[in-house]
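Participant: Attaching a single structure in structure tokens format; questions to follow.
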Amino acid sequence: LRENEPGARQGKVLATIVTDAPVTLDPEACRASHYDRQKLADLFRYTFKAASEGPVPLAEELAFVGDYLQIERARFGDRLRVVWDVDPAAGDAPVPGLILQPLVENAVRHGVAPVSGGGTVRISARLSDGALQVEVGDDGSGLGRTPETIIRDGHGLGDGAGELQVVS
């Protein structure tokens, strides 16, 4: 599988969930984050659905990202803040399945995690002149690299680039 194919993205997303989820299996962490094992099972099911189907509605992808962020909240607690700015009219827009989670993961891992006080991940989506505009960002210190070194296969930004060309 090429890096930007849905099956390759599915494997990376599943690996992230398996790596990051053990903290949510601790009963105290589950209670503190309002997270449960059923939600974890739902995440796994969605990864298989999204990898085997064509584009999914943005609303489904955002719901998956929200569930993923609950895992991260169990890990980071109050250090992780999330701001959603999503126009409901954008919810039916088709997007490649599993396209947003790697971007959100990068924002958490590289923007929030290294900062002792944590940070904010911002997710916005809207339709503009018939085109879907989605932004994922954070208020961290940044990656300190040029776009060319960040956007490449094998990384969140590069993995989805080819897939977005197919949907547009």
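Participant: Would you say G130 is modelled with pLDDT under 95 and at positive phi?
Facilitator: yes
Participant: What are the pairs with Cβ atoms under 6 angstrom where one residue, in segment 45-63, is at negative phi and the other, located anywhere, is modelled with pLDDT of 95 or more and open to solvent by 40 Å² or more (accessible area, probe 1.4 Å)? Sequence gap at least six, or different chains.
Facilitator: P55/P94; P57/D92
Participant: Residue check, E53 against (1) open to solvent by 30 Å² or more (accessible area, probe 1.4 Å); (2) farther than 22 Å from D139 by Cβ; (3) in contact with a Ser or Thr (Cβ under 9 Å, 6 or more places away or on another chain), all met but one. Which one?
Facilitator: It fails just one condition, (3).
Participant: Something else about it: Checking V23 against (1) modelled with pLDDT of 95 or more; (2) in a helix (DSSP H, G or I); (3) among the β-branched types (V, I, T), only one condition comes out false. Which one?
Facilitator: Only one criterion is unmet by V23, namely (1).
Participant: Here's something else I'd like to know. Name the single residue that is most open to solvent (accessible area, probe 1.4 Å) among those in segment 72-129 being basic (K, R), assigned to a helix (DSSP H, G or I) and in contact (Cβ under 8 Å) with a residue 40 or more places away in the chain. First the steps, then the outcome.
Facilitator: First pass over segment 72-129, keeping only residues basic (K, R): 73, 75, 79, 81, 109, 122, 126.
Those left that are additionally assigned to a helix (DSSP H, G or I): 73, 75, 79, 109.
The next check asks that each one be in contact (Cβ under 8 Å) with a residue 40 or more places away in the chain; those that pass are 73, 75, 79.
Working: R73: 89, R75: 105, R79: 68 Å².
Looking at residues that are basic (K, R), assigned to a helix (DSSP H, G or I) and in contact (Cβ under 8 Å) with a residue 40 or more places away in the chain, I get R75.
The values are calculated or read from the model by the stated rules, or taken from the named source; none is laboratory data. Quick caveat: nothing in here was measured; it's all calculated off a predicted structure. Backbone-built Cβ (ideal geometry, glycine too); neighbour counts: all protein chains shown. Surface accessibility is based on the protein's heavy atoms, side chains included, excluding ligands, DNA and RNA. Shrake-Rupley method; radii C 1.70, N 1.55, O 1.52, S 1.80 Å.
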